[in-house]
1. Which one of these is at pLDDT below 95 and closer than 16 Å to residue 101 by Cα: 202, 150, 118?
2. Given the conditions (1) in contact with a strand residue (DSSP E or B) (Cβ under 8 Å, 6 or more places away or on another chain); (2) under 22 Å from residue 250 (Cβ atoms), which single one is not true for residue 120?
3. Looking only at the stretch 253-270, count every residue that is surrounded by fewer than 20 Cβ atoms within 10 Å (Cβ to Cβ) and out of contact with any helix residue (DSSP H, G or I) (no Cβ under 6 Å at 6 or more places or on another chain) and tell me the total.
4. Taking the condition touching a strand residue (DSSP E or B) at 6+ places or on another chain (Cβ under 6 Å), within 25 Å of residue 282 (Cβ to Cβ), assigned to a strand (DSSP E or B) and at pLDDT below 90, does residue 160 pass?
5. Quick check on the stretch 28-52: of everything there that is in a loop (DSSP other than H, G, I, E, B) and out of contact with any helix residue (DSSP H, G or I) (no Cβ under 7 Å at 6 or more places or on another chain), which residue is surrounded by the fewest Cβ atoms within 10 Å (Cβ to Cβ)?
6. Has the stretch 30-43 got at least one residue that is touching a residue at least 24 places away in the same chain (Cβ under 8 Å) and in contact with a strand residue (DSSP E or B) (Cβ under 6 Å, 6 or more places away or on another chain)?
7. For the stretch 53-105, give me each residue that is surrounded by fewer than 15 Cβ atoms within 10 Å (Cβ to Cβ), at pLDDT 80 or above and under 18 Å from the mean Cα position of the chain (by Cα).
8. Can you spot a residue in the stretch 136-143 that is on the phi > 0 side of the Ramachandran plot and surrounded by fewer than 22 Cβ atoms within 10 Å (Cβ to Cβ)?
């Protein structure tokens with residue numbers, strides 16, 4: 001049994017006239033008659049009573065016509081749903097992100113996406129870069145705003161740089177160096193440091209150490225919180241200074257001073273990452289929205305040199 005059998009039969013059932021059904025379907029009348037005969041033969045029941053003047057549904061035909069119309073309706077709905085899914089208008093995906101690096105830009109991206117694709121289910125998960133890799137492996141997330149992937153993982157993923165950041169120093173507002181426009185890093189060599197924990201973002205932590213060593217010292221790290229907001233709280237409390245990505249200015253407290261440093265750190269990219277094996281039109285539509293807003297994002301985040309290849313590993 002094919003959908004064609006059902007379409008021909010329901011057309012005749014509604015019109016009770018083969019000629020009218022033929023005109024409506026734009027199919028030759030003999031073809032319709034033969035198709036319905038084949039259908040009756042397959043079912044083993046009589047669906048229509050035919051005379052030279054009249055066509056009448058049998059009881060079986062009445063019941064079958066009702067179910068056939070529902071099947072055709074569902075089939076049409078399935079076609080429309082598949083077409084909408086192919087355009088990214090329905091479905092869903094899971095997005096991973098982390099803290100201050102994306103907080104200023106994520107709301108507008110999500111709102112823009114929801115305005116265009118209100119029926120897509122978008123689920124957000126705040127995860128560190130390390131947690132995001134595990135979430136990709138378990139299928140928990142499909143897309144992530146994260147730091148550049150380790151070299152051994154890049155073969156399986158697409159990776160696009162969204163903006164470039166650099167390390168800055170966070171100081172208590174009453175710190176003697178807070179009044180300077182730019183802080184020479186060597187001048188804090190004897191200070192205690194509070195740094196975001198290495199396990200959560202090893203590339204960021206290692207760049208902090210490398211930047212200090214280029215300035216001629218190794219930082220004395222006394223605390224490694226697992227939230228950037230906690231890092232700033234400890235700095236505000238006077239427990240130490242911290243080298244943090246410049247984007248923390250978006251969550252910084254009044255009693256914490258953020259200043260550029262010299263020598264500068266390596267560039268710190270924020271990337272959009274997704275698996276090469278995933279074909280999800282809803283996800284692809286979100287990526288296109290991010291791309292369309294990339295220039296505005298870079299302007300907001302003060303990104304420099306954003307089109308060059310990032311040189312900071314995780």
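The values are calculated or read from the model by the stated rules, or taken from the named source; none is laboratory data. What you are looking at is a predicted structure, and each value in this text was computed from that prediction instead of being measured. Every residue, glycine among them, receives a Cβ derived from its backbone with ideal geometry; neighbour counts consider all protein chains shown.
1. Values: 150 fails: closer than 16 Å to residue 101 by Cα; 118 fails: closer than 16 Å to residue 101 by Cα.
Sole residue among the options that is at pLDDT below 95 and closer than 16 Å to residue 101 by Cα: 202.
2. Every condition holds for residue 120 apart from (2).
3. Total meeting the criteria: 5.
4. Details: touching a strand residue (DSSP E or B) at 6+ places or on another chain (Cβ under 6 Å): yes; within 25 Å of residue 282 (Cβ to Cβ): yes; assigned to a strand (DSSP E or B): yes; at pLDDT below 90: no.
No.
5. Just the residues of the stretch 28-52 that are in a loop (DSSP other than H, G, I, E, B), to begin with: 28, 44-47, 51-52.
If we keep only those that are out of contact with any helix residue (DSSP H, G or I) (no Cβ under 7 Å at 6 or more places or on another chain) as well, we get 44, 51-52.
Details: 44: 7, 51: 7, 52: 4.
Residue satisfying both the conditions and the ranking: 52.
6. There is no residue in the stretch 30-43 that is touching a residue at least 24 places away in the same chain (Cβ under 8 Å) and in contact with a strand residue (DSSP E or B) (Cβ under 6 Å, 6 or more places away or on another chain).
7. 92
8. So far as the stretch 136-143 goes, yes, one or more of its residues are on the phi > 0 side of the Ramachandran plot and surrounded by fewer than 22 Cβ atoms within 10 Å (Cβ to Cβ).
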